[in-house]
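Report on the structure given below.
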Amino acid sequence: MLNGMQDLRFNSSDTLARQLAGDLATRLQRCIERRGRACLAVSGGKTPVAFFQQLAQQPVDWQKVLITLVDERWVDEHDPQSNAALVREHLLQHQAAQAYFLPLKNKAASPQQGFMDCENTLHEQLDQLDYAVLGMGSDGHTASWFPHSQALPRCLDGNSGAWCCPVSDEQVTPPRMTLTWSLLANCRHLFLLFDGDDKNRVFSLACDTAEAGNTAAMPVRRVLFQSQVGLSVYRRENLHGEPDAPLTA
């Protein structure tokens with residue numbers, strides 16, 4: 001995918017958030033006009049907050065949009081670590097309050113115990129996941145696909161048919177539920193959003209073509225080096241005083 005990847009770089013976080021929100025809203029509305037609905041998966045963390053706030057105010061037929069999560073920590077929604085709580089606070093506001101929200105966390109005591117219920121619910125509610133906005137960690141993970149995780153082979157298996165996967169390695173606290181490549185690979189389009197110098201250095205390492213097959217070390221490579229679904233990267237990069245506008249690589 002690297003040769004066909006759209007790489008958009010911005011000089012400010014505000015412009016980054018505003019541009020991604022506008023571009024995604026246009027795609028969502030076109031999708032609704034074509035097939036009557038749109039399904040979107042979003043990631044947690046600090047970086048998406050400004051993007052969520054911008055997206056919530058976009059002119060989309062939100063009552064025809066289903067929003068779910070790329071991954072979730074297995075905690076109650078009142079927990080500050082909950083991605084569902086983040087989405088409710090910052091995205092399901094203004095016009096976007098009309099969207100239907102599908103959490104990944106259910107009442108089971110663990111993601112392993114809640115796996116089948118989560119899997120069945122996804123298949124019942126989604127005919128297709130149209131768009132997903134992914135993040136990237138400083139270790140090269142995306143979603144809850146962590147380097148050398150015991151769950152990683154299942155997460156990255158495009159032929160498994162499973163749309164979600166529990167992740168409960170000892171170092172992953174609290175345990176999580178994540179969407180799999182099997183589901184994401186059939187999106188209409190993927191977006192990778194990150195911000196700052198550290199993440200740009202990680203991205204450069206991940207894009208090393210000599211290491212393209214080494215997804216165990218940097219699982220985000222599963223998204224970067226593939227040809228199944230279009231990918232747009234939205235990132236802030238210090239352009240040293242250049243105009244606040246995207247540069248397409």
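The values are calculated or read from the model by the stated rules, or taken from the named source; none is laboratory data. The shown structure was predicted, so the numbers you read here are calculated from the model rather than taken from an experiment. Reconstructed Cβ throughout: ideal geometry from the backbone, glycine too, with neighbour counts over all protein chains shown. Remember, those area values only see protein heavy atoms, side chains included, never the ligands or the DNA or RNA. Shrake-Rupley method; radii C 1.70, N 1.55, O 1.52, S 1.80 Å.
Taking the conditions (1) modelled with pLDDT of 95 or more; (2) within 26 Å of Ser12 (Cα to Cα); (3) surrounded by fewer than 16 Cβ atoms within 10 Å (Cβ to Cβ) in turn, Leu193 satisfies each one other than (3). Go through (1) open to solvent by 10 Å² or more (accessible area, probe 1.4 Å); (2) without any contact (Cβ under 8 Å) to a residue 40 or more places away in the chain for Ala151 and report which single condition fails. Looking at each condition in turn, Ala151 falls short on (1).
Taking strands (runs of 3 or more DSSP E) as the structural unit, those lying wholly within segment 1-92 and holding at least 1 residues that are polar (S, T, N, Q) correspond to 6-10, 65-69. Between Leu184, Leu156, the distinction of being closer than 25 Å to Tyr100 by Cα and open to solvent by less than 60 Å² (accessible area, probe 1.4 Å) belongs to Leu184 only. Out of all the residues in segment 85-136, which are among the hydrophobic types (A, V, I, L, M, F, W, C), farther than 26 Å from Phe51 by Cα and open to solvent by less than 10 Å² (accessible area, probe 1.4 Å)? Of everything in segment 85-136, just one residue is among the hydrophobic types (A, V, I, L, M, F, W, C), farther than 26 Å from Phe51 by Cα and open to solvent by less than 10 Å² (accessible area, probe 1.4 Å), namely Cys118. Summed over segment 123-165, residues that are touching a Gly at 6+ places or on another chain (Cβ under 9 Å) and either farther than 14 Å from Arg221 by Cβ or among the hydroxyl-bearing types (Ser, Thr, Tyr) (or both) total 2.
Residues of segment 166-188 that are under 16 Å from Val223 (Cα atoms) and β-branched (Val, Ile, Thr): Thr178, Thr180.
Select from segment 13-46 the residues that are of a type in the set (Ser, Thr, Tyr) and either buried (at least 23 other Cβ atoms within 10 Å of the Cβ) or modelled with pLDDT under 95 (or both) and list them in ascending order.
Step one: filter segment 13-46 for residues of a type in the set (Ser, Thr, Tyr), giving 13, 15, 26, 43.
The answer is Ser43, and nothing else.
When you go through Val65, Val70, Val60 one by one, which is the residue that is surrounded by 14 or more Cβ atoms within 10 Å (Cβ to Cβ), among the hydrophobic types (A, V, I, L, M, F, W, C) and within 30 Å of Glu170 (Cβ to Cβ)? Reasoning before the result, please.
Values: Val65 fails: within 30 Å of Glu170 (Cβ to Cβ); Val60 fails: within 30 Å of Glu170 (Cβ to Cβ).
Testing whether each residue is surrounded by 14 or more Cβ atoms within 10 Å (Cβ to Cβ), among the hydrophobic types (A, V, I, L, M, F, W, C) and within 30 Å of Glu170 (Cβ to Cβ) leaves just Val70.
To keep it simple, each residue is scored yes or no on (1) open to solvent by 20 Å² or more (accessible area, probe 1.4 Å); (2) closer than 15 Å to Trp145 by Cα; (3) assigned to a helix (DSSP H, G or I).
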residue	(1), (2), (3)
Asp198	yes, no, yes
Val202	no, no, yes
Thr215	yes, yes, no
Val223	no, yes, yes
Val233	no, no, no
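Yes or no: segment 59-69 includes at least one residue that is among the charged types (D, E, K, R) and in contact (Cβ under 8 Å) with a residue 24 or more places away in the chain.
The initial filter retains those residues of segment 59-69 that are among the charged types (D, E, K, R), namely 61, 64.
When the remaining residues are screened for being in contact (Cβ under 8 Å) with a residue 24 or more places away in the chain, the result is 61, 64.
Within segment 59-69, one or more residues are among the charged types (D, E, K, R) and in contact (Cβ under 8 Å) with a residue 24 or more places away in the chain.
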